[in-house]
Every structure is written in C-alpha cells, then in structure tokens.
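**Student:** Have a look at the structure that comes next, please.
The values are calculated or read from the model by the stated rules, or taken from the named source; none is laboratory data. Every value quoted in this text rests on a predicted model; they were computed, and no experiment measured them. Cβ atoms come from the backbone with ideal geometry, glycine included; neighbour counts cover every protein chain shown. Keep in mind that these areas ignore ligands, DNA and RNA; they rest on the heavy atoms of the full protein, side chains included. Shrake-Rupley method; radii C 1.70, N 1.55, O 1.52, S 1.80 Å.
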Amino acid sequence: MPIKRRPERQPEKQLVNRRVNTLLIFVGQKLLRLGLLLIAVAIFTFVLLSLSPIDPVQAYIGADMMQISADQQALIAERWGLDQPFWNRFLDWLGQILQGNLGVSLVFNRPVSEVIAARFQASLQMLAIAWLLSGLLGLALGTLAGAVAGSWIDRVIRLYAYTLAAAPTFWVALLLLIVFAVSWRIAPVCCAAPPGVLSQNVTVWQHLHHLLLPAMTLSIIGIANITLHTRQKLIEVLHSDYVLFALAQGENLWNIVRYHGLRNILLPAITLQFASLSELFGGSVLVEQVFAYPGLGEATVQGALRSDVPLLVGIVFFSALFVYIGNTLADLAYPIIDPRIRLGGQMNR
Amino acid sequence: MLSLSNLSVTFTQYDRGLRRKQLRVITDLNLDVQAGEVVAVVGASGSGKSLLAHALLGILPQNAVMSGTMTFQGEPLTPHRCRLLRGKAIVLIPQSVGYLDPLMTVGPQVQRVAQLTGRTKAAAKTAVKKTFTRYGLPAKTFDLYPFQLSGGMARRVLVSTAVVTPAQLVIADEPTPGLHPDVVSETLTHLRELADAGRGVILITHDIAAALKIADRVAVFYAGTTVEIAAGRDFFTGKLRHPYTQALWRSLPQNEFLPVPGNQPNLEQLPQGCLFKDRCPWVDDLCREERPALRELNDGWVRCFHAEG
C-alpha cells in the first residue's frame, strides 16, 4: 500500500539558513510594529497633554508663580517654543525624543531617563517576584480546580479567585498591611529599607524583607486571573477526544492531568503570563503608593500629582515598551513549546 | 465472550431552567461477540453506535444512566470491573488522529498504552517499536507528532494502540471514513488479523459495504436498538430479515441506490410500539401498540413481528 510521500529532508545548511532568515523577518516585523506603536503613543500623548489643563510654565515655576510677572512668563513660554503652532511644537518635541532626550523631571530635578532607570530597578525585583508567584500559584490552583471541577475544592478556589478579582488592589494592600505590619508586626510598614539607613548599608535580608509584602500583594491580584483562565482551559482539555481516549486506555485523572493536561494548558498559560505583565505594571502603581515603595509606580503618582509632564511622558513610553516586550516574549515562546508551529511551518515550505 | 442484553442508556439533560429532559440514546440493545470473530455494528449516525463503545469502556458522561446486563467472559461487567478492564482486556481503536494528544509525539503515547497494561517502560518501548515495524511504519514515526502523520500512517498508529495490549476485545469506532480506498482495505485487513489471532473485534461503522468485507456477523442498529443480527453472507443471499436492513442494503450505490424515506424517531420522546413503525412498509396495528422483542429467525436475530424466513 502506498505511503504518502513526505518532502525530502533538506540539507542541514539550507535549513539553518532558512531559520536565520525567518528569525530576521520576525525581528524586522516586530521592530517595525514597535516603531509604529511608539509613534502612535507619541501622537496620543502629545495631543492629550496639549489639551490637558496643565500649564507647563506654571508647573515649572510652581509656588513662586506669584513673584513672576506676566512678561517673564511669556518670555519663558517663548524660549520653550510654546508660542509656536501645534505642528511645529510636535515635530520639535518628536525630534528631541528621537535623539533620546526625554527632558528633565521637575519632581526629581534629574534627567527623565535616569529617574526611570533607577526607579525601574527597584520595581523590577518586586515585579519579578510577583510575576513568578502569581504565575506558579495561579497555574497550580487553576489546575487543581479544573481537575476536580464541580467539587467543593473547586468551589473554594473559585470563590477565592472571584473575591480577589473583584477586590481593588489598594484595598488588598491596606488589608495585608494591617494584618502583617500592624497586627503581627512581621513586615515593615513602608519603604524599601529601614528608615535612617544609608542605601549602601542595607543588607540583602532587609531589602527582601521590605520587598516581600508589596510583591505578595501584587501577586495575589494576578493569581485570580491566571487561576480562572487555567481552570477553564483545563476543563476544555479534559473534555477533549484525546482525554476520552486516555480514559479508555485506563489512565487515571491525575496521570491525565500530568501527561496531557499540563502540556496542553501550557501555551495559553504562557500567553496569559506575559500578557499579565501589563496588569502587574498597572497594579504596581497602586501597590507602591500604599507601601510607599520607591519604585516606578510611585514615581508615576508623584509625577501625576505634581504635573511633571516630561516624567509622565517618559513613563508612558517606557510602559508601552515594557508591555510590548512582554508580548513579544510570548510570541517567541510559542514555537519553542508548540511543535505544530515549530515543525508545521517547515513542512509546508 | 461479550454478551449484552436489554442494555439501555438514558441521558438526563437540563433544558431551559430546571426542566429536565430524558434522552433515551440506547433502548433494549442486544449483542454478543465471540473470540475470534468480527462483529460489525452498522447504523445511521445517531443510532447509538459510538455510545455503545463508551458504555463498554465505562466512559459515558456522568449524566448517563445505564440499565440491562453486560457480561464479559462469563462475569457481569460492572462499572468497577469496567475500570479495571479498560485498556487491558477491552480496548478502543478511536476514529481519528484527533484522539491522540496533539502536543505529544506518537511513540511515547502508544508506549504509555503498553505501560498501562503492566509492562515496564523498556518492554513497552520495545513492543511499540516492534509493532510499528510490523505495520511498515518507518522508525522515525516514533518521534513524529500526530499532525505529521498521513492518513494511512495515522490508522496504523491507532491500530498499534490496540496491538500493544493483550486485550481480548477490540472495539474499532468508525475506523474507515474519509480514507483512501487502499487505506480502508488495509485497515480492515488489520482488524481481521486481530480477530484471526483470537481476539473479539467490534467494528462500529456506517459503511456496510466495508464492514461486509471482513465481518462474520453484522448487528444493525436503529434508534439505539438492535433491529437485526445477521451473518455477513445473508446480505448477498437476500436472506435479510428486517425491513430496515433490507432498505439499508438497497440504498447502497452499488445496489438500487434508493434512499430510506423518513427519519429516526426523536430520542426525547420515543414512540409507543415499534421504533421503526413510521418508516416501515409492513406496519400494522400490532406494531403501533407493542414493541417487538428480539427473536431468533433463520440462524439470526430480528426485532420484527412480521419478519419471516
């Protein structure tokens, strides 16, 4: 009986060349899209800020406004090009951004790029811990709930997830602060280090100690989402034909979850995990504010409250970049995990 | 080896709100299978063929209620015994490659089937490789994903899942639709070989012509019940007993190509009397009142008051 013929194996070198080409095309496309995204973000940011009630001159001078005459104000406005038409201002501003000049933060009195770099370093550890915790716990709880869907364990986990999904971040943060920092006194109330200690004298343990509660708060918020999605996906997998066949082979539930369930929920879980970066980033604004943790989120709040336009614009750009990188990483993970994408593409060529 | 009598399966579904709906998918079904024979189960879609397989393996959905008796090798086939025997004594050859995990290479999947029958990992792997070789599958098949298999290779891999077990009863669920004629006859040959090696084979299909090539006996299903059990040769010698079997046989393209008028009854509200009465040319008052029992006739079985030898 004739077997359907498979295409001949290509010589290895050609295959490698093709792979490199595919990768280059992928990177090129991604960079092009990133460029378009950033231009769109730039236009929106500029238009919105032009329409906002913040007067840049007033924001710059601050409390000394009373001592400065209208003429001097006009002079500053002229020097900054504020008297120019909209398009001139926009192109001038875009030119500066393209050269990497994000301006100087009014609140911190340092270049915006420096402020973002320093603050993001502080936030990064917190985000990383929260991201890993919420991913692992969410996956574990979601898998458990999905495997025993309908049982009391599933109900408890779902109740927990719905409650958390509905709870505002700052409220959860306050609650944890009250329990762990005020009642039990096992966590610090605020900040990234004990008060009165110079940053170079802070030990790793003190650092972790201060990091833990904000990171936990942030992860608790993320868990709900990942749990519910994982649960749903696992239920779908457990109703599939291949699980029915596994049952017919005499496989038990836990081995089905182990051999087929985890494998098949991994792809959506990873997508979700990387997509959750944006939510974590958003959540960190509130969490850092409540814990007075000096990260990027806290800088955002300060910038917003004190009309620090350059800093806000910088953070908008940075967060767009951050979320975009997260999603791109998820895209890159697909072909590694899913053989249908990895091998399917080669076969069709 | 296997004997089913008066098997019924009912699904309870919730309709709008809390109104419950009873779906009688299998009604008074009778079937028996001996070692070494191929019994074809034929019928239109919705006649309960696949559900029979699921009932035998104890993998019906939770909202299903079963009644009647099933015995396997002389002992009643209870849900508990089903769980112990499935994958070991009773195995399923599924319909398509969609019944394999799409993200796992096929070798380890078949190996897992062998391991579940109590073999060690190494022994299971050897058994799989031996089976693949026997079916002419290239060595690299072991490391291919299901989507990389051609239709013919997929069929051989699926048959391998049964061959690597010591199962006495093999249920092949619709193994032939949508395949190249060569692959169909190859698959049928493999099933015949399984029976010749002493196993009992249930071949579930709607393709009577294909089934008749290898089947010793044919059970015809209609609306979840057995209307006739005939020997394979009865089809060619014109000895068919039930009007539905006769109509089915006439409806084949190579015969008269006449469609069977009408539809199967609504499973939510099975009619009183014979389930085939609405489409039967022989119907009379008795058929409308009373449901006929399966009776022996000319070395076969028929569920009809008016069938004569």
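**Student:** List, by residue number, every residue in region B:100-131 with a reduction of 20 Å² or greater in accessible area between the chain on its own and the complete protein assembly, 1.4 Å probe.
**Tutor:** B:Asp101, B:Pro102, B:Leu103, B:Met104, B:Arg112, B:Val113, B:Leu116
**Student:** Taking both sides together, what accessible area is buried at the A/B interface, probe 1.4 Å, expressed in Å² and rounded to the nearest 100?
**Tutor:** 2800
**Student:** If pairing requires two Cys Cβ atoms under 4.7 Å apart, which cysteines of the protein assembly as shown are left without a partner?
**Tutor:** That list is B:Cys82, B:Cys280, B:Cys304.
**Student:** Using only C-alpha atoms and all pairs of different ones, pull out the Kirkwood radius for the protein assembly as shown in Å with one decimal.
**Tutor:** Result for the protein assembly as shown stands at 30.7 Å.
**Student:** Once you have a ≥ b ≥ c as the square roots of the Cα gyration tensor eigenvalues for chain A, tell me rounded if a/c is under 1.5, and otherwise prolate or oblate according to whether a/b is larger than b/c.
**Tutor:** The shape class here is oblate.
**Student:** For a quick protection proxy, order the peptides A:216-223, B:76-83, B:48-55, A:84-91 by their average other-Cβ count within 10 Å, most packed first.
**Tutor:** Most protected by this proxy first, the peptides run A:216-223, B:48-55, B:76-83, A:84-91.
**Student:** Once you order the gyration tensor axes a ≥ b ≥ c over the Cα atoms, which shape class does region B:117-211 get: rounded for a/c under 1.5, otherwise prolate or oblate by comparing a/b with b/c?
**Tutor:** Oblate is the answer for region B:117-211, as a/c is 1.5 or above yet b/c matches or exceeds a/b.
**Student:** To the nearest 0.05, how large is the calculated FRET efficiency for A:Leu329 and B:Lys21 if R₀ is 35 Å and r is the Cβ-Cβ distance?
**Tutor:** 0.15
**Student:** What does the structure give for B:145-152 when I average, per residue, the other chain Cβ atoms found within 10 Å of the residue Cβ?
**Tutor:** Across B:145-152, the average partner-chain Cβ count within 10 Å equals 4.
**Student:** Sticking with this one: At a 1.4 Å probe radius, carbon and sulfur cover how many percent of the accessible area of region A:252-349?
**Tutor:** Using a 1.4 Å probe with all protein chains present, region A:252-349 comes out at 68 percent carbon and sulfur.
**Student:** May I pose another question? What is the distance, in nm, between label points placed 7 Å from the Cα along the Cα-to-Cβ direction at A:Leu136 and at B:Lys140?
**Tutor:** About 3.9 nm separates the two model spin labels.
**Student:** For chain B, what is the accessible area per residue in Å² when the probe is 1.4 Å?
**Tutor:** Roughly 43 Å² per residue, with all protein chains present.
**Student:** Taking a threshold of 24 Å on the Cα-Cα distance, which of the pairs A:Lys233/B:Lys21; B:Lys49/B:Lys88; B:Lys49/B:Lys125 fall above it?
**Tutor:** A:Lys233/B:Lys21; B:Lys49/B:Lys125
**Student:** I've got another one for you. Computed over the Cα atoms, what is the radius of gyration of region B:2-117 divided by 2.2 N^0.38 Å, N being its residue count?
**Tutor:** The value comes to 1.21.
**Student:** Quick one: if you stick a label point 7 Å off each Cα along the C-beta vector at B:Phe236 and A:Leu321, how many nm between them?
**Tutor:** Each label point is offset 7 Å from its Cα along the Cβ direction, giving 7.9 nm.
**Student:** Please give the charge dipole size of region B:96-193, origin at the Cα centre, charges +1 on K and R Cβ atoms and -1 on D and E Cβ atoms. Round to the nearest 20 debye.
**Tutor:** 520
**Student:** Output the residues of region B:77-92 meeting this criterion: accessible area (heavy atoms, 1.4 Å probe) in the chain alone minus accessible area with all protein chains in place is 50 Å² or greater.
**Tutor:** B:Arg86
**Student:** Could you sort A:268-281, B:273-286 so that the peptide with the highest average Cβ count within 10 Å comes first and the rest follow in order?
**Tutor:** A:268-281, B:273-286
**Student:** Also, quick follow-up: Label A:Val27 and A:Ala292 with points 7 Å out from Cα along Cα→Cβ: what is the distance between them in nm?
**Tutor:** For the pair A:Val27/A:Ala292, the computed spacing is 4.6 nm.
**Student:** Now, a different point. Can you give me the Cα centroid spacing of region B:187-204 and region A:50-117 in angstrom?
**Tutor:** If we compute the Cα centre of each part, the gap is 84 Å.
**Student:** Place a label point 7 angstrom from the Cα of A:Ile39 along the Cα-to-Cβ direction, then list the residues of region A:66-109 whose backbone nitrogen is under 14 Å away.
**Tutor:** A:91, A:94-95, A:98
**Student:** Hey, another quick one. Quickly rank A:227-240, B:173-186 as a protection proxy: mean count of other C-beta atoms within 10 Å, highest first.
**Tutor:** Put in order of decreasing packing, that is A:227-240, B:173-186.
**Student:** Right, here's the next one. Can you list the residues in region A:227-244 whose accessible area drops by at least 30 Å² when all protein chains are present, compared with the chain alone? Use a 1.4 Å probe, heavy atoms only.
**Tutor:** A:Asp241, A:Tyr242, A:Leu244
**Student:** Okay, moving on. Tell me the carbon and sulfur percent of the accessible area for region B:229-279, rounded to whole percent, probe radius 1.4 Å.
**Tutor:** The nonpolar share, carbon plus sulfur, comes to 51 percent.
**Student:** What is the calculated FRET efficiency for A:Trp171 to A:Gln200, with r their C-beta to C-beta distance and R₀ = 35 Å, to the nearest 0.05?
**Tutor:** With R0 = 35 Å, the Cβ-Cβ based efficiency is 0.45.
**Student:** Suppose all protein chains stay in the model; what accessible area per residue would a 1.4 Å probe give for chain A, in Å²?
**Tutor:** Result: 58 Å² of accessible area for each residue.
**Student:** What's the average, rounded to a whole number, of partner chain beta-carbon atoms within 10 Å of each residue's beta-carbon in A:250-256?
**Tutor:** Per-residue shielding by partner chains comes out at 4.
**Student:** Still on this structure, please answer the following. Calculate the mean, over all residues of peptide A:331-341, of how many other protein chain Cβ atoms lie within 10 angstrom of the residue's Cβ.
**Tutor:** Average neighbour count from other chains, rounded to a whole number: 2.
**Student:** Tell me the mean residue ellipticity at 222 nm calculated for the protein assembly as shown from its helices only (DSSP H runs of n ≥ 4, each -39500 (n - 2.57), averaged over every residue, nearest 500).
**Tutor:** -17000 deg cm²/dmol
**Student:** Considering only protein heavy atoms and a 1.4 Å probe, what is the carbon-and-sulfur percentage of the accessible area of region A:75-150?
**Tutor:** Its accessible area is 63 percent carbon and sulfur atoms.
**Student:** Tell me, how many Å apart are the Cα centres for region B:57-135 and for region B:210-256?
**Tutor:** 29
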